[in-house]
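Down below is the structure, laid out as structure tokens.
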Amino acid sequence: MALSLYYQAQIPKQFGWYITAILRSYDNLAFDRTIDVPNNIFEFFVAPDKEEEFLAFMQLMKKKGAALNIQKLPNRFLDN
């Protein structure tokens, strides 16, 4: 079984609801939540087969100024 890929990005406060609403409207694209409220850092758990689609979406959000510092990181729930 493939485990979720893990991303973090800074989402300006005014865009948090927008990103969440879009992701929730697409089944199984990504699960998001805020991990660092003061710094507006969101974490995203992405199905491996949806990574390309997720990254295309995030690049579009980056162009709109709605997503900054998008990073793929080790899944923090896995023992490393």
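The values are calculated or read from the model by the stated rules, or taken from the named source; none is laboratory data. Since the model is a prediction, treat every value here as computed from it, not as a measurement. Positions of Cβ are generated from backbone atoms using ideal geometry, with glycine treated the same way; all protein chains shown enter the neighbour counts.
Before moving on, here are some points about what is shown:
- Each residue in the range 17-34 was checked for being surrounded by fewer than 14 Cβ atoms within 10 Å (Cβ to Cβ) and in a helix (DSSP H, G or I), and 4 pass.
Here's the yes/no breakdown for (1) of a type in the set (A, V, I, L, M, F, W, C); (2) at pLDDT below 95; (3) under 15 Å from S4 (Cβ atoms):
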residue	(1), (2), (3)
D36	no, no, no
F44	yes, no, yes
P48	no, yes, yes
Q59	no, no, no
K62	no, no, no
G65	no, no, no
R76	no, yes, yes
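- Scan of the range 1-16 for residues that are assigned to a loop (DSSP other than H, G, I, E, B), of a type in the set (A, V, I, L, M, F, W, C) and more than 15 Å from K62 (Cβ to Cβ), ordered by number: M1, A2, L3
- Complete set of residues in the range 1-25 that are touching a residue at least 24 places away in the same chain (Cβ under 8 Å) and among the hydroxyl-bearing types (S, T, Y): S4, Y6, Y7, Y18
- Members of the range 1-60 that are polar (S, T, N, Q) and within 13 Å of the chain's Cα centre (by Cα): S4, Q8, Q10, T20, N28, T34, N40, Q59
- Hey, I11 surrounded by 15 or more Cβ atoms within 10 Å (Cβ to Cβ), β-branched (V, I, T) and modelled with pLDDT of 95 or more or not: yes
- Test result for A2, touching a Pro at 6+ places or on another chain (Cβ under 8 Å) and of a type in the set (A, V, I, L, M, F, W, C): yes
- Residues of the range 36-71 satisfying the condition of being in a strand (DSSP E or B) and loosely packed, with under 13 Cβ neighbours inside 10 Å: D36, N69, Q71
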